[in-house]
Structures are given as C-alpha cells and as structure tokens.
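The values are calculated or read from the model by the stated rules, or taken from the named source; none is laboratory data. The structure displayed is predicted, hence computed values, not measured ones. A quick note on method: Cβ atoms are made from the backbone with ideal geometry, for glycine too, and the neighbour counts reach across all protein chains shown.
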C-alpha cells in the first residue's frame, strides 16, 4: 500500500532551492497551523510573513519538498492592516509534482496521513 506523509520541517530545506511558484491554495492561516504547526521558516518579514517547508515522503522515501507562503499580502508590505492570521490566499512552491500533492492534502487532509514539525 502506498503511504504518503507530509511533514513540516523546523529549518529551511536545501530541496526548496530551485523551486518556483506552482499554484495557490485558499485556506485560513489557522488551517495551515492545524496541519503543520506554527511556521518555523525565517522570512524577510516584508514580502513574506509566514512560510512552511513541507517534506513529502512516499513509502518512507523522500519524494520532494514544497513551500507554503504568503507573498505581498501582509501589512508590512501592503500597509493595509492585514495580519498573517487573516491571510487566506497562499502560494505553494515546489517541483516534480510535489506542490500539487501538498495542495491536495491541504484541501483534503483526511485522505492522507501526515506528521508535524520534524
């Protein structure tokens, strides 16, 4: 049986280098925190205020890493008072189809096993 896990990493992953925007997901900040824990990746606190690096494993083999982040939506950039907890439009970056798997998991977490903060 195929088993896919999505794990939030506590430090930046070298596997995110060379990835790009692959899509978007609409959900609350709290939904992402419920799935992956508080964001632990340091941001520039200007264009990006929250970021997660999500490791995707299939049958315990590393399949890739995706990033989830806001981009140019926080008050630090827009000046409109928007706080990170109020953001609902998230960018997903990745390669090799990983981003699509992460977006599907965010929308339907009950269909897949996952773990937090490794």
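Observations, loosely collected:
- Matching residues in the range 75-110 - criterion: being surrounded by 16 or more Cβ atoms within 10 Å (Cβ to Cβ) and closer than 18 Å to residue 17 by Cβ: 91, 92, 93, 94, 98, 99, 102
- Verdict on residue 56 being touching a strand residue (DSSP E or B) at 6+ places or on another chain (Cβ under 6 Å), at pLDDT below 95 and under 12 Å from residue 93 (Cβ atoms): no
- Taking residues in the range 86-110 that are without any contact (Cβ under 8 Å) to a residue 60 or more places away in the chain, and partners anywhere that are part of a helix (DSSP H, G or I) and exposed (fewer than 14 other Cβ atoms within 10 Å of the Cβ), the pairs with Cβ atoms closer than 9 Å and at least 6 places apart or on different chains are 104/111.
- Only one of 72, 42 that is surrounded by fewer than 19 Cβ atoms within 10 Å (Cβ to Cβ) and either at pLDDT 95 or above or closer than 18 Å to residue 100 by Cβ (or both): 72
- Boolean, residue 37 is exposed (fewer than 13 other Cβ atoms within 10 Å of the Cβ) and either on the phi > 0 side of the Ramachandran plot or in contact (Cβ under 8 Å) with a residue 12 or more places away in the chain (or both): no
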